[in-house]
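Okay, so here's the structure we're looking at.
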Amino acid sequence: MGRRTILLDGGMGRELQRMGAPFRQPEWSALALIEAPDYVRRAHDAFLDAGADIITSNSYALVPFHIGEERFAAQGKALASLAGRLARQAADAKTGARVAGSLPPLFGSYRADLFDAARAADLLAPLVDCLAPHVDLWLAETQSAVAEVRAVRAALGEDAKPLWLSFTLEDEAADAAIHPRLRGGEAVAQATEAALALGAAALLFNCSQPEVMGPALVAARAAAAGAPLPLGVYANAFPPQPKAATANDGLDELRADLTPASYLDWARRWVDAGAAIVGGCCGIGPDHIRALAAALP
């Protein structure tokens with residue numbers, strides 16, 4: 001009784017596409033930042049107007065995997081700074097709103113097998129340095145393995161802002177809802193233990209189907225063993241993603257059944273299972289967040 005759910009925003013990339021912003025693979029959401037940044041500000045505003053408490057910087061695709069090595073070297077810092085400024089300006093125009101600095105998977109979404117620890121620090125440094133003046137907390141999102149979040153924690157150094165860790169879950173296997181695990185294969189319990197060891201201020205699960213989120217929350221709560229670690233969920237509207245999924249192969253279709261009303265039904269289950277933070281990932285737009293804001297405590 002009396003607990004208030006913290007609302008995140010929804011998926012930036014698909015919202016930019018819906019708005020008619022420049023959008024394609026491989027640049028994904030970075031293309032609008034490069035060619036038409038006004039769209040990015042408008043997307044932030046749309047989520048805030050829908051009721052989001054926290055918006056996420058549009059820095060998810062600011063890695064060589066999406067924008068290429070040459071552009072990353074030449075423009076990465078400027079683009080990260082712009083992403084931070086746009087989010088900060090939008091949040092400052094809305095009383096009480098906060099900005100999460102997105103620190104993405106560095107070598108492709110869902111691909112723990114491509115993670116290169118030797119390069120991680122060099123790729124994270126410009127994002128951290130240029131987002132830091134603009135964000136209230138860090139959100140390492142769509143992480144597929146514990147090694148990825150360890151690299152993030154190291155890259156942040158002495159930065160004292162809260163660190164939220166968000167893992168993406170395997171959602172293709174037949175037993176995914178029974179034995180929740182990261183896309184890299186590690187159990188949710190291992191991810192929870194790592195979050196506690198790294199001093200995370202929250203543990204979330206994102207960019208996977210709604211069906212696997214509840215079991216992950218239950219497993220995380222058990223592994224946390226009463227530790228004060230807030231949990232959260234922001235699911236996507238994709239069909240199950242195979243292990244060999246490659247982020248730049250094309251645009252996935254979105255599930256027609258995940259309407260704002262049905263997504264709210266899922267969110268209620270997550271809150272009942274212990275989620276204190278709820279939002280949306282790819283394909284979850286302002287209308288979904290508005291439904292959450294109107295109905296969740």
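Any read-out appearing in this document is the output of simple, stated calculations on the displayed coordinates, not a laboratory observation. Source: prediction; values computed, not measured. Here the Cβ positions follow ideal geometry from the backbone for every residue, glycine too, while neighbour counts run over all protein chains shown.
Before moving on, here are some points about what is shown:
- Dipole in debye (nearest 20) - segment 6-295, about Cα centre, beta carbon charges: Lys, Arg +1; Asp, Glu -1: 420 debye
- Loop trypsin sites (Lys or Arg not before Pro), segment 1-81 (other Cβ atoms within 10 Å of the site Cβ: 15 or fewer; DSSP): 3, 4, 24
- Taking the DSSP beta bridges with both ends in the chain, the antiparallel portion is around 5 percent.
- Fewest-first ranking of 186, 170, using other Cβ atoms within 10 Å as the exposure measure: 186, 170
- Sequence-separation-based contact order of segment 6-295, relative, with Cα cut under 8 Å and 6+ spacing, percent: 21 percent
- Global geometry of segment 6-295, whether rounded, prolate or oblate, following the gyration tensor of its Cα atoms and the 1.5 cut on a/c: rounded
- Between 207, 162, 114, the Cα set farthest toward the positive side of the dipole of the chain (charges on each charged residue's Cβ, about the Cα centre) is that of 162.
- Look at 44, 66 and count the other Cβ atoms within 10 Å of each Cβ; fewest to most, that gives 66, 44.
- Taking the number of Cβ atoms within 10 Å of each Cβ as an exposure proxy, the fewest-first ranking of 167, 23 is 23, 167.
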